[in-house]
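Just below is one structure, and these are the notes that go with it.
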């Protein structure tokens, strides 16, 4: 059974990990909202994404093809346009991506231009190009992973400390009960011994 000091240390570590996990979770929410990725919570598409002519890129929306379907946008009839800094839009040839395992990707396109472009599709609006040139990483994702790890370990240690404390309490109660039983037994033996001595003394007086 863990010593009281070990249980206390475990409880302290659990508390610290839970607090750290909650802080990391809050950071995930804050940072995620500032990112420009389809998979980021509360994000908005960037004003422009850098692409290189001839290279193939992915068009994404939060929720992917299912989100488009809810808007009534047919993937096989997806119509998109690209523009540069508010210039006149030009038609963009896309290849639908219905079989993609990626959650948010709906189509791909071969870039007709080198530089920052914005892509809009009919029925949806601005699209995300998550794999654009020099696209920023996903620090929010790391915050989320770290938060999950810290909370999982912290809650596990906390539950272990609670179980240990409960077991210790039951052990103390059982020990106290055993001590009381022994004390009652000793008292009974002592009383019987005294009764036997008194009985022997009375017998001697009668015989005399």
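Taking the stated definitions as given, is residue 107 farther than 26 Å from residue 16 by Cα, at pLDDT 65 or above and assigned to a loop (DSSP other than H, G, I, E, B)?
Answer is no for this residue.
I'd like to check which strands (runs of 3 or more DSSP E) are fully inside region 44-95 and have at least 3 residues that are within 33 Å of the chain's Cα centre (by Cα) and at pLDDT 90 or above.
56-60
Answer yes if at least one residue in region 75-84 is touching a helix residue (DSSP H, G or I) at 6+ places or on another chain (Cβ under 7 Å) and more than 15 Å from residue 48 (Cα to Cα), and no otherwise.
Checked against the condition, which is being touching a helix residue (DSSP H, G or I) at 6+ places or on another chain (Cβ under 7 Å) and more than 15 Å from residue 48 (Cα to Cα), region 75-84 yields at least one hit.
State which residue pairs qualify: first residue at negative phi and not assigned by TED's automatic domain parsing to the domain that holds residue 117 and inside region 66-86, second residue surrounded by 11 or more Cβ atoms within 10 Å (Cβ to Cβ) and at pLDDT 90 or above in any location, beta carbons under 6 Å apart, and separation of 6 or more residues or different chains.
none
The values are calculated or read from the model by the stated rules, or taken from the named source; none is laboratory data. None of the values given here were measured: they were computed from a predicted structure. Here the Cβ is made from the backbone with ideal geometry for all residues, glycine too, and neighbour counts use every protein chain on show.
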